[in-house]
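I have placed the structure first, in the form of structure tokens, so that the comments after it can refer back to it.
The values are calculated or read from the model by the stated rules, or taken from the named source; none is laboratory data. Since the structure is predicted, the reported quantities are computational estimates derived from the model, not experimental observations. When we count neighbours, we look across all protein chains shown, and the Cβ atoms used for this are built from the backbone with ideal geometry, even at glycine.
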Amino acid sequence: MKLLLFSDLHNDLAAARRLVQLAGRADVVVGAGDFCNVHQGLAACLAEFREMDKPLILVAGNNETTDELRAACGGWASARVLHGSGATIAGVTFFGIGGGIPTTPFGAWSYDFTEEQAAALLAPCPAGCVLVSHSPPHGAADVSSRGQSLGSVAVRKAVERLRPALMVCGHIHGSAGKTVMLGETPVVNAGVHGVEWEVG
């Protein structure tokens with residue numbers, strides 16, 4: 001299965017259009033959150049993808065909530081919004097968790113979860129799946145432009161325990177486009193330009 005991975009568009013409609021063109025080579029498109037900015041412009045950004053005839057796996061970032069993302073995907077049968085939940089497409093299981101983990105310093109507008117909340121949301125995640133999380137695992141594709149490691153301990157523990165076939169994330173822009181190995185699992189901080197990947 002060929003995947004197109006992306007994250008952190010932040011209302012960049014030109015980047016969204018480029019991703020739609022790349023999606024012609026993919027079987028499934030995976031978006032790891034932050035499609036808009038501070039809850040504004042979500043529907044307009046996602047509208048760029050509605051013309052694609054591809055299944056779409058989405059998780060919320062910290063700039064939109066899962067409820068907002070589901071509402072923006074209303075009537076869009078090929079889009080699946082995951083949060084503490086999974087979906088299987090052509091025999092490949094995807095599991096997703098949205099939001100900023102751990103809690104960000106951005107304030108009340110940011111859609112965030114504590115490490116404890118994240119661990120509970122990740123509890124049903126099956127081994128060997130494609131794990132999609134807005135937040136990267138701590139110590140893997142999570143270094144900010146200031147050199148800080150800002151990923152989630154709960155996500156890292158889930159990766160170490162479950163050994164996903166692939167882990168897709170975003171959130172930390174300083175590591176966008178980077179792929180690192182965490183044990184046997186490739187961790188891809190997808191970024192706005194898109195990363196093509198094959199699983200299965």
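Checking each residue in the range 180-199 for being in contact with a Leu (Cβ under 9 Å, 6 or more places away or on another chain), surrounded by fewer than 17 Cβ atoms within 10 Å (Cβ to Cβ) and not in a strand (DSSP E or B) picks out HIS193, VAL199. Filtering the range 117-136 to residues that are assigned to a helix (DSSP H, G or I), small (Gly, Ala, Ser) and over 16 Å from THR104 (Cβ atoms) leaves ALA119, ALA120. Of the residues making up the range 7-39, those that are within 17 Å of SER78 (Cα to Cα) and part of a strand (DSSP E or B) are VAL28, VAL29, VAL30, GLY31.
Pull up the range 49-98, narrow it to residues that are of a type outside the set (A, V, I, L, M) and part of a helix (DSSP H, G or I), then point me to the one that is surrounded by the fewest Cβ atoms within 10 Å (Cβ to Cβ). Can you show your working first?
So the first thing to find is which residues in the range 49-98 are of a type outside the set (A, V, I, L, M), and the list is 49-51, 53-55, 61-68, 70, 73-76, 78, 80, 83-86, 88, 91, 93-96, 98.
Filter again for part of a helix (DSSP H, G or I), leaving 66-68, 70.
Numbers: THR66: 21, ASP67: 12, GLU68: 18, ARG70: 16.
Residue satisfying both the conditions and the ranking: ASP67.
Tallying residues that are touching a residue at least 40 places away in the same chain (Cβ under 8 Å) and on the phi < 0 side of the Ramachandran plot within the range 136-150 yields 4.
Out of VAL188, VAL155, which single residue is among the hydrophobic types (A, V, I, L, M, F, W, C) and within 24 Å of ALA16 (Cα to Cα)?
VAL188
Could you tell me whether any residue of the range 155-170 is loosely packed, with under 14 Cβ neighbours inside 10 Å and over 20 Å from SER7 (Cα atoms)?
Going through the range 155-170, the residues loosely packed, with under 14 Cβ neighbours inside 10 Å turn out to be 160-161.
When the remaining residues are screened for being over 20 Å from SER7 (Cα atoms), the result is 160-161.
The answer is yes, given that some residue of the range 155-170 is loosely packed, with under 14 Cβ neighbours inside 10 Å and over 20 Å from SER7 (Cα atoms).
Annotation note: Cβ proximity below 7 Å between a residue of the range 62-86 that is of a type in the set (Gly, Ala, Ser) and a residue that is part of a strand (DSSP E or B) and crowded, with 17+ Cβ neighbours inside 10 Å (sequence gap 6+ or interchain) occurs for SER78/LEU56; ALA79/LEU56; ALA79/LEU58; GLY84/ILE97; SER85/GLY96; GLY86/THR93; GLY86/PHE94; GLY86/PHE95. Just one residue in the set ALA120, ALA158, ALA154 is modelled with pLDDT of 95 or more, more than 14 Å from GLY183 (Cβ to Cβ) and either aromatic (Phe, Trp, Tyr) or touching a helix residue (DSSP H, G or I) at 6+ places or on another chain (Cβ under 6 Å) (or both); that residue is ALA154.
Check GLY177, GLY139, GLY147 and return the single one that is under 15 Å from the mean Cα position of the chain (by Cα), assigned to a loop (DSSP other than H, G, I, E, B) and surrounded by fewer than 24 Cβ atoms within 10 Å (Cβ to Cβ).
Values: GLY139 fails: under 15 Å from the mean Cα position of the chain (by Cα); GLY147 fails: under 15 Å from the mean Cα position of the chain (by Cα).
Sole residue among the options that is under 15 Å from the mean Cα position of the chain (by Cα), assigned to a loop (DSSP other than H, G, I, E, B) and surrounded by fewer than 24 Cβ atoms within 10 Å (Cβ to Cβ): GLY177.
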